[in-house]
Amino acid sequence: MIFVLKLVGYFLLWTLWSYTMHVIAHTNFKYNFIRYFHLKHHAYNYGDSNLPPWHDYFFWFGEWRSSMDVYITFTIPLIILTIFDPVYGGILLAFHYVYEVFLSRNVLDHNPNITGNITRFIPIGKFHLCHHRNVKCNFSFYITLWDYLFRTNDARVLKKRYERQQQRQKALATSVSDTPLTDENA
Ligand SMILES: [Zn+2]
Ligand SMILES: [Zn+2]
């Protein structure tokens, strides 16, 4: 039981780390190298092959920016965990390898055919593709929990944007009706 709880605990911490790195990757500030690496992910054309390119098997993702993006967001924290707690770190590293090489491209993350309830819990298909259309929402990997907890899920972000627009329109309407009629604006 302790084993499962610890594994789940480490998994949650790891997903929180990747969520945080992804939010930072979409934050604008000087010398944001995480952003520089990650923008390559958004420029990538995933094609339609379900099979990974040969270099993925060696955990090299075609060029250094895409590779660094994966290493910083996912791999480095797991290597550190493996040094301190090898069994749990090893299990998560194996999971990370299989997911990244075989599932993260077209099979799950960027598969437009995955819609419906599953995407409310696992950030694949529709959920992750929504992040590609609007980089202000849906930052989570593996589990959508952090987007719901920090209110960055698409429904919440779009609702906020809509409310802001409504407020702006209302403010504009009142300022126009408050303006006294003069020769200039009559
Ligand atoms: Zn992104
Ligand atoms: Zn993506």
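Structure values in brief
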read-out: Residue match in the stretch 50-58 (condition: surrounded by 12 or more Cβ atoms within 10 Å (Cβ to Cβ) and of a type in the set (A, V, I, L, M)); value: no
read-out: Odd one out for ALA171 among (1) within 12 Å of ligand 2 (Cβ to nearest atom); (2) surrounded by fewer than 13 Cβ atoms within 10 Å (Cβ to Cβ); value: (1)
read-out: Residue match in the stretch 127-139 (condition: aliphatic (A, V, I, L, M), within 14 Å of ligand 2 (Cβ to nearest atom), within 14 Å of the chain's Cα centre (by Cα) and surrounded by 13 or more Cβ atoms within 10 Å (Cβ to Cβ)); value: yes
read-out: In the stretch 50-67, the residues that are closer than 17 Å to ARG35 by Cα and among the small types (Gly, Ala, Ser); value: SER66, SER67
read-out: Test for ARG105: is it at pLDDT below 95, of a type outside the set (Phe, Trp, Tyr) and within 16 Å of ligand 2 (Cβ to nearest atom); value: yes
read-out: Residue that is within 16 Å of ligand 1 (Cβ to nearest atom), polar (S, T, N, Q), at pLDDT below 95 and within 20 Å of the chain's Cα centre (by Cα), where the choices are ASN45, ASN32; value: ASN45
read-out: Residue that is farthest from ligand 2 (Cβ to nearest atom) [pool: residues in the stretch 17-49 that are of a type in the set (S, T, N, Q) and surrounded by fewer than 14 Cβ atoms within 10 Å (Cβ to Cβ)]; value: ASN28
read-out: Among the candidates THR119, THR75, THR152, residue that is within 16 Å of ligand 1 (Cβ to nearest atom), of a type in the set (S, T, N, Q) and at pLDDT 95 or above; value: THR152
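The values are calculated or read from the model by the stated rules, or taken from the named source; none is laboratory data. The structure displayed is predicted, hence computed values, not measured ones. For neighbour counting, all protein chains shown are included, and Cβ atoms are generated from backbone atoms with ideal geometry for every residue, glycine included.
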